Amino acid sequence: MKLSPFNLYPNLPKKNCKECGEATCLAFAVKLLNRDIELEKCPHLNDEQKSKLRAMFEPPVKEIKFKDYKIGGEEVMHRHELTFHNPPLIVTPNKPSLVFERAGKKMSVELKIEGDTIGGMIRCGKNDFEAAIAKAAGNPIIVRLSSVDEAKQIASKYPSTIAEFSDFKTLKDYRERAIKGEAGCNLPTLFNANDEAEAAYALMRYANIIIINDEKAEFLEPFLYLRQAIFSDPRIPAKVDAQLYVIGHPDKDSPVFVLGNYALTYYTVSGDINSQKINGYLIAFDTEGLSVWTAVAANKFLPGKIKDVLESSRLAEKVKDKVLIIPGFAAPLRGAIEEETGWKVVVGPEDSREIGNFIEEMKKQKE
Ligand code: SF4
């Protein structure tokens, strides 16, 4: 049975007292289900009610908390069925200090192997499991296993166990059985990947921690981008605030670029403008988080929304010429934007890497 807030509601105090910060107990149930609030926020739940509720929405893959990390906790096999919650941690032998940035987020390898531990978690063979429990002090234990049956045998022995597999087929089988609710298959998994392709497959739905030996930027950069893309919530548009952004140190002669407020477009275009050493203004207006191409097709590239940002930012007072540069993909809307805003509209390139050349060309034509 798919769980809904109405299944949780009968087990809540039904006082609607707002002490949890929510207007009603039903609103609290909705947030509980989405994992946006902790049970502890309701002071009126007794221990029995808490354990009943926990049992109701415990995910098929157990979630283990360790330091600042949440490991496991997944509920579905494919992201589009709901969402994925906790990005897999990446482990390499030396944890290189490389940092990559995409859509405003910094990304790097999290952990390294240190003797018989990984980031402070004990790592052992199945024969050493009992001895590891004795010294783990409640911290997670990673156990090397070679079959699903081995994992099932140890699953209930220690609450913070992570199953390590080196065979991709076994890893896949174990996770598929977990999502179907098979007993003993609920442990978060660590995958010791043999190559980059296996690591990528494991990242996409099967493993919660991945060991990979490749520490080159050429591999890690796209690998971490892949993780970011898959572990973004498809229910929440990735958007930036609809407003005027300042790039560099613009003056009265600086260009004004127009974009929707899809985060990836914003960070890509602002990064390209910056790297081409252009000082300017960037209007990211409200397209409900849609990219330019999609917003134009879905009738969400609305001139009135551009006008809203022009007015709220009083941009007309900051520049000499009232000229907007719109993305090439929005060319069909040029006339409508001019009519609505009263600004002259110039169609820019489709690819923001061409903005530097485009601005040079504009300057020449002006001279
Ligand atoms: Fe309901 Fe508890 Fe929230 Fe009060 S604090 S509204 S009883 S969930």
Quick check: is even one residue across the stretch 266-283 under 34 Å from the mean Cα position of the chain (by Cα), modelled with pLDDT of 95 or more and over 25 Å from Glu101 (Cβ atoms)?
no
Filter the stretch 1-20 for residues that are open to solvent by 50 Å² or more (accessible area, probe 1.4 Å) and within 13 Å of the ligand (Cβ to nearest atom) and give the result.
Tyr9, Pro10, Lys14, Lys15, Asn16, Cys17, Lys18, Glu19
Filter the stretch 93-108 for residues that are in contact with a strand residue (DSSP E or B) (Cβ under 9 Å, 6 or more places away or on another chain), open to solvent by 100 Å² or more (accessible area, probe 1.4 Å) and not in a strand (DSSP E or B) and give the result.
Asn94
Need pairs with beta-carbon distance below 8 Å; first residue of a type in the set (Phe, Trp, Tyr) and within the stretch 322-335, second surrounded by 13 or more Cβ atoms within 10 Å (Cβ to Cβ); sequence gap 6+ or separate chains.
Phe329/Val292; Phe329/Trp293; Phe329/Val296; Phe329/Glu350
Looking only at strands (runs of 3 or more DSSP E) that fall completely inside the stretch 138-249, which ones have 2 or more residues that are farther than 25 Å from Gly115 by Cβ?
243-247
Any residue at all in the stretch 196-210 that is open to solvent by 10 Å² or more (accessible area, probe 1.4 Å) and more than 23 Å from the chain's Cα centre (by Cα)?
no
Odd one out for Pro250, checked against (1) closer than 30 Å to Leu290 by Cα; (2) open to solvent by 50 Å² or more (accessible area, probe 1.4 Å):
(2)
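The rows are residues; the columns are (1) within 13 Å of the ligand (Cβ to nearest atom); (2) assigned to a helix (DSSP H, G or I); (3) open to solvent by 70 Å² or more (accessible area, probe 1.4 Å).
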{"residue": "Glu22", "(1), (2), (3)": "yes, no, no"}
{"residue": "Phe28", "(1), (2), (3)": "yes, yes, no"}
{"residue": "Glu40", "(1), (2), (3)": "yes, yes, yes"}
{"residue": "Gln49", "(1), (2), (3)": "yes, yes, no"}
{"residue": "Pro59", "(1), (2), (3)": "no, no, no"}
With (1) in a loop (DSSP other than H, G, I, E, B); (2) of a type outside the set (S, T, N, Q); (3) within 16 Å of the ligand (Cβ to nearest atom); (4) open to solvent by less than 70 Å² (accessible area, probe 1.4 Å) as the list, and Leu53 as the residue in question, which single condition is left unmet?
(1)
Determine whether Val109 is hydrophobic (A, V, I, L, M, F, W, C) and within 16 Å of the ligand (Cβ to nearest atom).
no
Need pairs with beta-carbon distance below 7 Å; first residue within 17 Å of Lys52 (Cβ to Cβ) and without any contact (Cβ under 8 Å) to a residue 24 or more places away in the chain and within the stretch 12-28, second of a type outside the set (Lys, Arg) and within 6 Å of the ligand (Cβ to nearest atom); sequence gap 6+ or separate chains.
Lys14/Cys25; Cys25/Leu12; Cys25/Pro13; Cys25/Asn16; Phe28/Leu12; Phe28/Cys20; Phe28/Glu22; Phe28/Cys42
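The values are calculated or read from the model by the stated rules, or taken from the named source; none is laboratory data. This one's a predicted model, so the numbers in the text were calculated from it and none came from an experiment. Please note: Cβ atoms are built from the backbone with ideal geometry, for glycine as well, and neighbour counts cover all protein chains shown. What goes into the accessible areas is simple: the full protein's heavy atoms, side chains included, and nothing from ligands, DNA or RNA. Shrake-Rupley method; radii C 1.70, N 1.55, O 1.52, S 1.80 Å.
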